[in-house]
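For reference, the structure is listed below as structure tokens.
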Amino acid sequence: MSELKKTPLNDTHRALNAKMVDFGGWDMPVNYGSQIEEHHAVRRDAGMFDVSHMLPVDVEGENARAFLNQLVANNIDKLKEPGKALYSCMLNEAGGVIDDLIIYWRGDNRYRIVVNAGTADKDLVWMFKQAEPFGINLVPRRDLAMIAVQGPNARQKVWNAMPGLEDVTADKKPFNAVEIGEMFVARTGYTGEDGFEIMLPVKAAPFFWQALIEAGVKPCGLGARDTLRLEAGMNLYGQDMDETTSPLESGLAWTVDLQSERGFIGKSALQQSEITHQLAGLVLQDKGVLRAHQKVFTRHGEGEITSGTFSPTLEKSIALARIPLGIAPGEEVEVEIRDKKLKAKVVKYPFVRNGKSLIG
């Protein structure tokens, strides 16, 4: 059995008595005591996550934009100002999702892509292969750590931890980033709350983490990150979509540019595909907990839960499920849990945004 990979903050997590787990081959903190408290800290105040297992990849060269416009389903030409970010899927020829990622334009012919940890190796193989005709440079940046600080008070507490940072980030709108020396500060996240995702040199990560603790930011593990992202209605790669599923059936049609004449990998397959299912939100009406792979029974046939959990904010069980088209919000369905069929209601997601319930 191969040894688990470690982020630059591994010793820091262990010093804080974090419960560590194998997460896609990485030794990562699942919580530091109470997952529920960590979840509420992000919804009500500020929490932080070590996301250094994710991989930034720098793209540079005269044909960088042309390369990215072929590589991903969203339109890179939407990036009209340096620092702007774009969420997209990278597809295979059959229109399946190789990965979902964020692309930042750094100005001129320079971009930064952030890919998921579990897919990083296969992503790099795919990207290097597709880059060959374009004569560009792809540089994986394992020399960078990444810390996400999220919550209604996240930005203020980051500014308190790093005096001077407010001057260059206060006017940054969501999905925008700024570079300050070796630090890359993006107003993005995976929780449905405000905050920053900050990339910085590996050697600086433990000091910055400690400064954030002293500013009152609560360390949070992967457990809270998952309940937060599901409440926010955000897809998780490998659960809500993968190489066998279309973004059009994964709630990601808004990230797919089928309108322009631009060709991208997987476009023709999507144009010819028959869409039979949709990603929908579910709220359990009976007692129980919704989990991935449970069967969903609707008046148009069967579906399946892709992600499910108990929502600490709503105090109800919620899920994302791939169900037949034609099933509308407000309709009742049944979910098979331990050989029983329990009632659930179809809802629009996200379930929670900025600390508040959106499902009524």
## Note on the structure
By residue number, the members of segment 1-26 that are part of a loop (DSSP other than H, G, I, E, B) and of a type outside the set (A, V, I, L, M, F, W, C) are 2, 3, 6, 7, 8, 17, 24, 25
### Message
One residue is enough: does segment 82-105 have a residue meeting the conditions on the phi < 0 side of the Ramachandran plot, in contact with a Ser or Thr (Cβ under 7 Å, 6 or more places away or on another chain) and aromatic (Phe, Trp, Tyr)?
### Response
yes
### Query
Take the residues of segment 251-275 that are in contact with a Ser or Thr (Cβ under 8 Å, 6 or more places away or on another chain) and in a loop (DSSP other than H, G, I, E, B): which is surrounded by the fewest Cβ atoms within 10 Å (Cβ to Cβ)?
275
### Query
What pairs come up if the first residue lies in segment 281-298 and is outside the structural domain of residue 344 (by TED's automatic domain parsing), the second is among the acidic types (Asp, Glu) and at pLDDT below 95, and their beta carbons are under 7 Å apart, counting only those six or more places apart or on different chains?
none
### Pairs, first aromatic (Phe, Trp, Tyr) in segment 21-35, second assigned to a strand (DSSP E or B), C-beta under 6 Å, six or more apart
26/5; 32/219
### Query
Residues of segment 27-76 being more than 24 Å from residue 10 (Cβ to Cβ), assigned to a helix (DSSP H, G or I) and either touching an Asp or Glu at 6+ places or on another chain (Cβ under 9 Å) or not charged (D, E, K, R) (or both), which ones?
36, 40, 43, 64, 65, 66, 67, 68, 69, 70, 71, 76
### Task
Could you identify the single residue in 86, 101 that is within 19 Å of residue 244 (Cα to Cα) and not in a loop (DSSP other than H, G, I, E, B)?
101
### Summary
Considering only helices (runs of 4 or more DSSP H) wholly within segment 111-171, the ones with at least 1 residues that are closer than 25 Å to residue 6 by Cβ are 120-131, 154-161
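The values are calculated or read from the model by the stated rules, or taken from the named source; none is laboratory data. Predicted model, so just to flag it, every value in this text is computed and none were measured. Cβ atoms come from the backbone with ideal geometry, glycine included; neighbour counts cover every protein chain shown.
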